[in-house]
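Quick notes on the structure that follows.
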Amino acid sequence: MPEFDFDLFTIGAGSGGVAASRRAGEYGAKVAICEGSRVGGTCVMRGCVPKKLLVYAASFAEHFADAAGFGWSVPEPKLDWPKLMAAKEAELDRLEQIYRRLLRDSKVELIEGRGKLIDAHTVEVGDKRYTAKYILIATGGWPELPDIPGIDLAITSNEALELPELPKRVTIVGGGYIGVEFAGIFNAAGAKVTMLLRGDNVLRGFDDEIRERLAEEMNARGVEILTEVRVRSIDERSDGSLSLLLDHDEFHETDALLYATGRKPASAGLGLEMVGIETRRDAAIVVDERNRTAVPNIYAIGDVTHRINLTPVAIAEGRALAETLFNRKPLITERDNIPTAVFSRPPVATVGLTEQEARERHESVEVYCTRFRPMKATLSGRAERITCKLVVDKPSGVVLGAHMVGEDAPEIIQGLAIALKCGATKRDFDRTMGIHPSAAEEFVTMRFPVPDTD
């Protein structure tokens, strides 16, 4: 009789958990995975995928508006929001079935229900218990809301993806990834969008110049951004609208209030304290570089560890774990030069160090930056600028960071991420022929650095 029911039991069927379980199963391990919600997790069901579908839908507003400049006569467009929501939901249903099939094909047993640790080798799901040699926690994160009066009247990104009707006025609290992306979606769909930020600008942690350029472009599209402001309380009016009490006793009226002020690791209720797994004050599970918790046979990956909360990182961590445990190929996920994109309107993409980070870590830095009107805008008449920026270590010429605001930024930066991973220098960029006419060629044609004002 085997000592355990399974070689690996994974709690959470999101991107990271599925990636680890499938690869382990393909290596011959006996694997089970449990999920208390929809298979696919945050990214596929409540995050990246449905949000990107709405971004695509929103982008048609600009395409229709630009068409006249290119000679097209387009009837007045009208967005059918309920129809869009139905199409989005049908696609999520299709994707969930694909994820279920992928697990079956990898001989991974799917157990419906939320898992809870009983001891170092036992997981309880519903009224059944399962034992495993190794246990993986991949439960992701969950939107966090502040404790203020009336907060139950607000929605999070989860509910924003399922709104039955498009509100006329939407107020978004928070200026991170989720905040700016939903601002672009609702604005393009026809809502009046206001953003309320505690800080001085959107996308805290990104390159300062990129933050400024994105805010300018969002303002030009009609998104109102109010900085250094806090919501003190929320009240519902008789007509169903909301009244927000802000700092200095100012009031703000809206029809829908989206809080996008952060996500918290979904580690509560897992029984971590029962087995001695350490968590930080933010509820993140503490792991080492190989994703191992304080209990040697229990691991955690992805957003529940609250390190780099990106889907590809969770997937890489999951695959590395399977390689280590079941393929005798110990792997550690590399966390330098990880590219990321914000699907705002316009999109932002970046890889490597910001200018501010580079100046803190390197003695001498050169910055190359260009802003230009895209060719498409010359006929459409749109007042739009694309920004491209390179941050370079002056002594070695190594490119430390690449940043872009503008259409196709995510597609362009993905290619540049390979170059930075290989240690490309500014001279390598200079020796590369540009593709003309394109926005991407700007990254290989910037000749002179920006004058250093320090």
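Among what's in region 26-63 and is of a type in the set (A, V, I, L, M, F, W, C) and part of a loop (DSSP other than H, G, I, E, B), pick the residue that is nearest to the chain's Cα centre (by Cα). Ranking the candidates gives Val39 first.
Selection within region 92-107: residues that are within 27 Å of the chain's Cα centre (by Cα) and touching a residue at least 40 places away in the same chain (Cβ under 8 Å). The member of this set that is nearest to Arg292 (Cα to Cα) is Leu103. Residues in region 145-162 that are surrounded by fewer than 19 Cβ atoms within 10 Å (Cβ to Cβ) and either at pLDDT below 95 or closer than 13 Å to Arg46 by Cα (or both): 4 in all. Criterion applied to Glu76, Glu109 was being among the charged types (D, E, K, R), surrounded by fewer than 17 Cβ atoms within 10 Å (Cβ to Cβ) and outside any helix (DSSP H, G or I), and the one residue passing it is Glu76. Considering region 426-444, and only residues there that are surrounded by 12 or more Cβ atoms within 10 Å (Cβ to Cβ) and touching a residue at least 60 places away in the same chain (Cβ under 8 Å), the residue that is nearest to Gly406 (Cα to Cα) turns out to be Ala439. Regarding region 247-266, can at least one residue be identified that is surrounded by fewer than 19 Cβ atoms within 10 Å (Cβ to Cβ), closer than 17 Å to Val180 by Cα and not hydrophobic (A, V, I, L, M, F, W, C)? There is at least one residue in region 247-266 that is surrounded by fewer than 19 Cβ atoms within 10 Å (Cβ to Cβ), closer than 17 Å to Val180 by Cα and not hydrophobic (A, V, I, L, M, F, W, C). Could you check, for region 270-277, whether at least one of its residues is farther than 30 Å from Glu124 by Cα, β-branched (Val, Ile, Thr) and modelled with pLDDT of 95 or more? No: region 270-277 contains no residue that is farther than 30 Å from Glu124 by Cα, β-branched (Val, Ile, Thr) and modelled with pLDDT of 95 or more. Taken over region 342-362, the criterion of being touching a strand residue (DSSP E or B) at 6+ places or on another chain (Cβ under 9 Å) and not in a helix (DSSP H, G or I) is satisfied by Val342, Ser344, Pro346, Pro347, Val348, Ala349, Thr350, Val351, Gly352, Leu353, Thr354, His362. Within region 317-336, the set of residues being surrounded by fewer than 20 Cβ atoms within 10 Å (Cβ to Cβ) and part of a loop (DSSP other than H, G, I, E, B) comprises Asn327, Arg328, Lys329, Pro330, Leu331, Ile332, Glu334, Arg335, Asp336.
Just one of the listed residues (Gly406, Gly415, Gly423, Gly381) is surrounded by fewer than 17 Cβ atoms within 10 Å (Cβ to Cβ) and touching a residue at least 60 places away in the same chain (Cβ under 8 Å), namely Gly381. Look at Val313 and say whether it is surrounded by 24 or more Cβ atoms within 10 Å (Cβ to Cβ) and not in a loop (DSSP other than H, G, I, E, B). Considered against the rule, which asks whether it is surrounded by 24 or more Cβ atoms within 10 Å (Cβ to Cβ) and not in a loop (DSSP other than H, G, I, E, B), Val313 comes out as no.
The values are calculated or read from the model by the stated rules, or taken from the named source; none is laboratory data. Since the structure is predicted, the reported quantities are computational estimates derived from the model, not experimental observations. For neighbour counting, all protein chains shown are included, and Cβ atoms are generated from backbone atoms with ideal geometry for every residue, glycine included.
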